[in-house]
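Undergrad: I'd like to ask you about the structure that follows.
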Amino acid sequence: MLLLLTSRGIPMVLSGDEVGRTQRGNNNVYCQDNELAWFDWSLTETNSELLEFVSHVIELRKAHPVLRAMHHPNSIDPTNCGHPEISWHGVQPWQPDWSPDGHLLGVMWCGHHIDNGGPDFIYVGANAHWEAHEVYLPVLDDGWVWHLSADTAGEAPGAYPPGTERPLADPHSYLISPRSVIALVARPVAG
């Protein structure tokens, strides 16, 4: 859900995905009147942490216009701000590993070109490896630091509403747990 909701385009979410509802692989249950098509409302309580996580990630998406822009992103810097609209990263910033053995990929969205009142940076990192990886983060504009918005391996609910993101212990790197996804946002330095 974190990857889906931090991607460009209209997120394709099926009713109940936010609480772990399943149709057991059947993508077309419209003609069935059974448990595959029914919504089990008890899942909202059973999977309340997932519901809270998805709610916070939807708030993240709504708070950052760069995630909702309607044009295809490109790797140019349309406003000469020093950051392209979209950039790809690996363990080291600006060095994605596109090899077949690559297990980690980061993307940074820069919304300088969108009229939103200031810098807007989102970093999403996905670790498909069975080992944790320390990723070194792209350097931000002066006066801005990375804050944790969501970590699928973090304590429940794993995501924070906009404005309550947690500053990173090390503003230059983050340890991404095995088989997990993170979302970071840039915030002004406190004080």
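Undergrad: Could you list all residues from segment 82-93 that are in contact with a strand residue (DSSP E or B) (Cβ under 7 Å, 6 or more places away or on another chain) and either among the β-branched types (Val, Ile, Thr) or modelled with pLDDT under 95 (or both)?
TA: Passing the criteria: HIS83, PRO84, GLU85, ILE86, SER87, VAL91.
Undergrad: Which condition breaks for VAL107 when tested against (1) out of contact with any Lys or Arg (no Cβ under 8 Å at 6 or more places or on another chain); (2) modelled with pLDDT of 95 or more; (3) not in a strand (DSSP E or B)?
TA: (3)
Undergrad: Within segment 168-175, does at least one residue satisfy the condition of being surrounded by 12 or more Cβ atoms within 10 Å (Cβ to Cβ) and touching a residue at least 60 places away in the same chain (Cβ under 8 Å)?
TA: Scanning segment 168-175, I find no residue that is surrounded by 12 or more Cβ atoms within 10 Å (Cβ to Cβ) and touching a residue at least 60 places away in the same chain (Cβ under 8 Å), so the answer is no.
Undergrad: Being in a loop (DSSP other than H, G, I, E, B), under 24 Å from GLU165 (Cα atoms) and not small (Gly, Ala, Ser) is the requirement here; does ARG21 meet it?
TA: No, not satisfied.
Undergrad: Would you mind stating whether TRP146 is among the aromatic types (Phe, Trp, Tyr) and farther than 22 Å from PHE53 by Cβ?
TA: When the stated conditions are applied, TRP146 does not pass them.
The values are calculated or read from the model by the stated rules, or taken from the named source; none is laboratory data. Predicted model, so just to flag it, every value in this text is computed and none were measured. As a convention, Cβ positions derive from the backbone with ideal geometry for all residues, glycine included, and neighbour counts pool all protein chains shown.
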